[in-house]
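One structure is given here, and the rest of the page talks about it.
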Amino acid sequence: MKSRHGNFEGKDRERFVQALFKELTRTGATELIRYDSEDFMLVLKLEKEDEVRMNLHNAWQEYRNAPTAQRHQVLERWANLLRSMGDNLSYNFSREEALDMLLPRVLERTFYEHQKLRAVLDKTSDQEPDRYMFNFPYQPIAKHLASGLVLDMPEQIVILPEAHIKEWQISVEDAYERSMSNLSRISTDSMRKISPGLYVSPWQDNHDGSRILLLDKIKAECEVEGEMLAFIPNRDHLLITGAADVAGLNNALNIVEKIAAAPRSMSFVPLVLRSDKWELYQLPAFHPEFTRFEQLMTDTLLTIYGENKELLDQLKNETEQQDLYIARFNAVQNTDTGKISTYCVWSDGVEALLPRTDFIGFARYSSDPENDDVTSLGLAPFDQVTELLGPETIVFDGCYPERYRVKRFPTAQELDQLTLKEEL
């Protein structure tokens, strides 16, 4: 069996921050900016004692994924963005100018959900929560994506918190409607057919993925076989093909896999349009592209749960819940069949938050405090465990990504009723 690991682990972020500050120092901008190492953020000092906190995860991800020869360009681009934020985040526009720049923004849902966790973290500190951060309105799309609101300014795109929307005396609902009208206005070009049954967005203006919201346009311009499928591998690419078109899906996956290896990649899994609503699409196991799809889906979940665990571990420590175990999302691939199985580990005597996986592995530590040995009791299907123990023992926490709080370890009799296996 071969373990699969998310790309969220590994490299030295501090060296990246030092390189970014060196680029900022070169232009004399650091007197307004300080680094918050705990939250991995840059804090910008604005007028009237306001502060804006800019998370560095996207910049770090782009930097570490870029070829070495291109990393200075990444630093330069992010430094330019940061230098301009102090002026632009005051939003010195008239109401109508701002509303004309409103656009919807489709991003990974983790961006918005993580802001909620960071808001909780901020409240555990000695500082007042930053009014500019955390409260971003959004609408979930097909489980792993979400649509928020941005200002599409000439030199940058700024994601809007609810506070600024209300300052323009407009409801969030009306702001969404205005943003959709603006998006339609700048989307007069047609989807481009690049091979039989496969269409790609032509704009490459950082809003291509958001055009998935223009359902009438997509349905009118894209003729596909079977149900309509969409991929948003990054913000400059929207791919449309048909579920019954094997060649079209193969060509789409070729493009997605290429983009997945590049900086600033986004979601790798297909969505399906059903009753004018995008849903997560699950390829049947007999489909010739099933293994490739499964690998992309697993890599997406490894990243989602990995970043989620980092924040939950930080929240756990700052709220004095050290006894709560945040279980890791793991995956292994059978080297003979290529099948991927996901699992988490539940240890006896530990209150835990488990990710939603295919299997749960049960473990027991030695009762001898001087002995760190762990005994594996086997792995059982997640659904079988939840059915046996019931919702009183395995409680869905209602958050994204999906986790379950467990408080009581299965008894010996309950373990005997499970279909346990030694390995996947």
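Read the figures in this text as sums done on the coordinates, not as results from a lab. Quick caveat: nothing in here was measured; it's all calculated off a predicted structure. Note that each Cβ is placed from the backbone with ideal geometry, even for glycine, and that neighbours are counted across all protein chains shown.
In what sequence do Asp373, Asp313 fall when counting other Cβ within 10 Å, fewest first?
Details: Asp373 8, Asp313 13.
With the fewest neighbours first, Asp373, Asp313 line up as Asp373, Asp313.
In this rough spin-label picture, where each label sits 7 Å from Cα along the Cβ direction, the Glu14-Ile194 distance is 4.2 nm.
Just how large is the dipole of the stretch 297-417 about the Cα centre, in debye to the nearest 20, putting +1 at every Lys and Arg Cβ and -1 at every Asp and Glu Cβ? The partial results should precede the final answer.
Numbers: 10 positive and 22 negative charges, 65 e Å.
In total the dipole reaches around 320 debye.
Loop-located GluC sites (Glu not before Pro) in the stretch 155-194 (DSSP state not H, G, I, E or B) with no more than 11 neighbouring Cβ atoms inside 10 Å: Glu155. Between rounded, prolate and oblate, where does the stretch 297-417 land on the alpha carbon gyration tensor, with a ≥ b ≥ c its root eigenvalues, rounded for a/c under 1.5, else prolate if a/b exceeds b/c? In terms of gyration-tensor shape, rounded. For the stretch 368-424, the list of GluC sites (Glu not before Pro) that fall in a loop by DSSP and count at most 13 other C-beta atoms within 10 angstrom reads Glu370, Glu392, Glu422, Glu423. The label point for Val374 and the one for Glu318, both projected 7 Å from the Cα toward the Cβ, are 2.7 nm apart. In plain terms, if you count all Cα to Cα distances in the stretch 357-402 and split them into 5 Å steps from zero, the share in each step is 5, 18, 18, 21, 15, 12, 10, 2 percent.
Here the stretch 276-312 is scanned for amide nitrogen atoms under 15 Å from the site 7 Å beyond the Cα of Asp383 along Cα-to-Cβ, giving 282-285. Could you list which residues have their amide H under 5 Å from that of Met153, counting only those 5 or more apart in sequence or on another chain, with H placed in the peptide plane? Excluding prolines and chain starts, which carry no amide H, the hits are Val158.
Please sort 357-363, 273-279 by packing, taking for each peptide the average over its residues of neighbouring beta carbons within 10 angstrom, highest first.
Packing order, densest peptide first, comes out as 357-363, 273-279.
Pairs Lys116/Lys143; Lys219/Lys277; Lys166/Lys277; Lys193/Lys219: which are spaced more than 19 Å apart, C-alpha to C-alpha? Cα-Cα > 19 Å for Lys166/Lys277; rest within.
Legend: ranking of residues Ser341, Ser366, Ser267 from fewest to most surrounding C-beta atoms inside 10 Å; resulting order Ser366, Ser341, Ser267.
From the alpha carbon centroid of the stretch 273-289 to that of the stretch 134-194 is 26 Å.
Give, in nm to one decimal, the length gained when the segment between Glu289 and Glu38 is fully stretched (0.36 nm per residue of separation minus the Cα-Cα distance). Numbers along the way, then the final one.
Numbers: separation 251, 0.36 × 251 = 90.36 nm, distance 4.16 nm.
Computed gain between Glu289 and Glu38 is 86.2 nm.
Using the Cβ-Cβ distance between Lys277 and Arg95 with R0 set to 25 Å, the FRET efficiency works out to roughly 0.20.
Within 13 Å, Cβ to Cβ, of Arg211, how many net charges do the neighbouring residues add up to if Lys/Arg are +1 and Asp/Glu are -1?
0
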